[in-house]
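Below is one structure, written out as structure tokens; comments come after it.
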Amino acid sequence: MIDLRNVEKYYQHGPAKSFVLRRVNVEIKEGEFVSIMGPSGAGKSTLLYVIGMHDTDWTGEYYLMGQAIHKLGRKERNELYKANFGFVFQSYHLLDNLTVAENIEMPLTYRNIKKSEREAIVADILDRFQIVGKKDLFPNQLSGGQQQLVGVARAMVANPKVILADEPTGNLHSSQGKEIMEMFKRLNDQGTTIIQVTHSEANAAYGNRVIEIRDGWIEGAS
Amino acid sequence: MTKQLRSLASSPLSLAAALLAFALGIGANTAMYSICSALLFRPVELGHLERLVVFESFLRGDHQGLFDVSPADFTDLRGQLQSLEDLGFAEEWSATITRDGEPEQVSAARVSANWFGLTGAPLVAGRAFLPGENAPGRTRIAVVTEGLALRRFGAQKTTASVVGQQIRLDGEDHMIVGVLRETARLPNFARVYVPYSQAADFAHQRTAFELYTVGRLRGGASLSTAQAELGAAFRRLAEQFPASHQGRSLVLVSLKERIAGTNDLAASYVRLLLFATGFVLLIACANVTNLQLARITGRAREFAIRSALGANPWRIAGLVLSESLLLALLGSLVGIPFAMWAVEGMKRMLPSEIWQYIPMWPELSVNWTALGVTLGLSVLAGFATAFWPAWQSTRSDAQESLREGGRSMSSSRSRQWFRGAMIGVQMMLALVLLIGAGLMVRGTQVLFERFAAWQPEKVGTLQLVLPRTKYPDPPLRGNFIRKLEEQLAALPARQDFGLVNFIPLGDSMSIVPFAVEGRPEARAAEQLAANNLIVSPGYFAAMQVQLRSGRLLASTDGAETDPVCVVDERFAADVFPNEPALGRRISPLLDDSRPWCRIVGIVANKDHNPWERSSRRTLYRAMAQVQPRLLSVVVRTDAPMETMLPALKQAVYAVDPEQPVRMLYSQQDLLDQALAGMKLVALMMSVLGLIALLLSAVGIFSVVSYVVSERTSEIGMRMAMGASEWDILRLVSHQTLLMLGLGLALGLGLGFALAQLFRGLIWGVSSRDFLSLASVSLLLALVGGLAMYLPARRALRLDPMQALRHD
């Protein structure tokens, strides 16, 4: 499904290059639950953003379901991204001035879906995530775990094939983190590919594969 | 102070934008205050100006003027008005100066001996007149203004050395006893003052209404008390002398207000500009408020730390306030040189022919009072721009701000709306200014176009006043006129020439009431009046006045033949709507004699004054039958004016080498002079409009920049949620766009309302012009759109990864 070949990313500092990713070759199959691990500054999040097509400044080849992403323009990548990916952030990034339902609805507004249809989808997802009772609350009225649950619901609302999660439990205490990981596990069981960046061995244990990255190099896959 | 400076310097772009806004806003207001001071607040330099009052006369409700108190009335009133501690008078006069240079005609006054003490007019050398110097035989002394002294006796370098010199006025030598400051010219901008020769019958001249009378209010006395006193005293006089005084009344008005021309067009223009500069300051304040608001939002963490360390909310608000005040003071420091430059520029742009009627114009500068006003404005602007940001700073949530990786992604809705509202206000004010500027420019253009058909650049003019002493009776004046016509006829390269009393487009004209033979004489208030032109036969060709019916005035219409006149179509239509005008007799009501003249021709209407909306009904009388003292020459020529104008002057000198001349110009020059004030106002309005446009653009740029920077994380998140470039563009600009549109709509409405309000100032402009000027809103929208797009483009180029790591 996802095939990265010889992907490199670096920053130019005068004549010197500082590499963030070096000759990265990664293949991820549909339905996998992959954890990207490694020390701080190793390039985990960068790799996640490259996969999510949010980082465009790299070299190499990237195929998504056979399509050569490295040959596409920004607009086409955006269309592919919208059709296939959902994103979960460490610090939730919910909009304070929108209610839970409105936050969840937001990705749908970027996908030309009619208002009535959007409402139906949001109602369905609220029900699936069992947060119907919180739909009119604002983010600051929720706990961290509840906010991240909304973040995951938001990532799932457009029915993506892949969920990218950047340290999704980093700001949560362990019981809340566990709840989120179980949610990811359920989604994965239903067929969604999950790719997460994590420091936690326990969280990685929910997945079926770990990609270890160190100083931009892929160390190996277990 | 150092900490505040350091804090301001930490955002150099924001600091530069705020300084620019304050410098332009405060600088423009300081410059405008200086001009207002010269025109309205202190229009003439008289020590007692605030307490001086002048007598204004009315006849059956009709305004008669200021030179309208008889000597006998003055004498009687002086003894009765307890509210006035002193009273003096002046009589206007046009003095001919000969010897020591070219003959020259200047505005002069014969004044009561106490004049300079009464008004507090400052002398730079010599002395004022002494009591008793009004006595006949003691009046061959003069006080002249500094400018005249230096011009006539320039070789002697100092004004003091002019004292004791002789100056020849109307053929008689006068000893200069004093030199007056140029800025104290009163009345009528006089440059020469001599004592009024108070004859023995002074106190008995009841019907010679000719004195300009000024009084000084006693300390503590109010104008209304003095007015009531004068009203009662004059009513008694009117009862005593009904033949000459029935229907007359005298009113006291503040001299300062009368000179400033509270109701005059120039004063209205100055007020218009004062409003316009006020708008610019408001735009600047809205701009800086937004910048300050952006700064305090960005400093939420700093305020939270201060708060955690024990600072109460008001201390933090005080910090914001002190920074705003400092910013305003720094802005005014930059604004002062801008104001000085603007004032000097304006002084240079107004021709001397215009500013000679503004006594304080040469003194116009950014003075201490103006600097005081600047300081006041700075403090005001500092408070105005700090109020909302300071209030907001007291409401920040320290715990939220201090939390690691704070979850809040953007500033509150109220702040967002406030910022948007500031944009809307700026746009609205800028559009009003631009529409105002456009209307002024269009109005000036229309006035110039109105006279283009005359080819005013091909008409040379000159004016002279035959001195009463040298040309006391009509035959002598007739002789002068005849000889002058002979000289003009001999001029090479002239096409047509004519003589007229008042030059069309000149600085004055004569409007006289008239009676129609066979009709009862109307009351003063109901009398018809017409432009009174006394012309030679050649005038019609020189000024291209077309004959419609009858005949033009001819050289055969002389002093011995029946008086005849020609009227224009408007006159004929207004006065004889249902009967032929030709053959009817009319009489200008100038004095008790009733010189009936028969209408022999009707000519096309002609505009004579750029300030009049339409041509005024005009009466043309034969110069050979009237022989006025005021003579003007108009010559149409293809020759360059540089050769024609000196030739005109020589033609006059060939008749009388001692006869001074004035207004030696082409009519284009006269038109330029007449419209110079309006051109200057149009230019200043345009400059203010452009400043407003610049400030608004900077305002939008900085707000959208700030929005992009503040919402970078949100932008990243939305991109990660699938937002397209268009979605992001809409996100960062929709509120600004909405407010921009709202501001423009309100600005259009307000601009239209103001155009109606000021339509008296900007004539020649139709509603169609307003609509085409409304297209400036498109310009503003384009500039606003660009100012918004440039920083918004930055948001489009963000990588979500960079954006999400922003905080």
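Quick notes
- Some residue of segment B:48-61 being acidic (Asp, Glu), surrounded by fewer than 21 Cβ atoms within 10 Å (Cβ to Cβ) and in a loop (DSSP other than H, G, I, E, B): no
- Matching residues in segment A:182-215 - criterion: being within 15 Å of the chain's Cα centre (by Cα) and more than 25 Å from A:Asp3 (Cα to Cα): A:Met183
- Qualifying residue in segment B:729-747 (condition: at pLDDT 80 or above, surrounded by fewer than 23 Cβ atoms within 10 Å (Cβ to Cβ) and of a type in the set (D, E, K, R)): yes
- Residue selected from segment B:235-285 under the condition over 25 Å from the mean Cα position of the chain (by Cα) and of a type in the set (Ser, Thr, Tyr), by the criterion surrounded by the most Cβ atoms within 10 Å (Cβ to Cβ): B:Ser249
- Subset tally (residues that are over 21 Å from A:Gly207 (Cβ atoms) and within 11 Å of chain B (Cβ to nearest Cβ)) for segment A:120-167: 8
- The set of residues from segment B:686-732 being among the polar types (S, T, N, Q) and within 53 Å of the chain's Cα centre (by Cα) comprises B:Ser686, B:Ser696, B:Ser702, B:Ser705, B:Ser709, B:Thr712.
- The set of residues from segment B:708-717 being part of a helix (DSSP H, G or I), more than 12 Å from A:Phe89 (Cβ to Cβ) and within 14 Å of chain A (Cβ to nearest Cβ) comprises B:Glu710, B:Thr712, B:Ile715.
- The condition of being small (Gly, Ala, Ser), at positive phi and crowded, with 18+ Cβ neighbours inside 10 Å holds for only one of B:Gly722, B:Gly699, B:Gly716, that being B:Gly722.
- Meets criteria (surrounded by 21 or more Cβ atoms within 10 Å (Cβ to Cβ) and under 28 Å from A:Gly41 (Cα atoms)) for A:Leu108: no
- Among residues of segment B:185-234 being over 21 Å from B:Leu252 (Cα atoms) and touching a strand residue (DSSP E or B) at 6+ places or on another chain (Cβ under 9 Å), the one that is surrounded by the most Cβ atoms within 10 Å (Cβ to Cβ) is B:Tyr193.
- Pairs are defined by a Cβ separation below 9 Å, a sequence spacing of at least 6 or placement on different chains, a first member in segment B:108-130 that is free of Cβ contacts under 8 Å to residues at least 60 places away in the same chain, and a second member that is crowded, with 19+ Cβ neighbours inside 10 Å and among the hydroxyl-bearing types (Ser, Thr, Tyr); the pairs so defined are B:Val124/B:Thr159; B:Ala125/B:Thr159; B:Gly126/B:Thr159.
- Search result, residues across segment A:65-119 that are among the β-branched types (Val, Ile, Thr) and within 12 Å of chain B (Cβ to nearest Cβ): A:Val88, A:Ile104, A:Thr109, A:Ile113
The values are calculated or read from the model by the stated rules, or taken from the named source; none is laboratory data. Only a predicted model underlies this, so the values are computations on that prediction, with no experimental measurement involved. In this analysis, Cβ positions are derived from the backbone assuming ideal geometry, glycine residues included, and neighbour counts consider all displayed protein chains.
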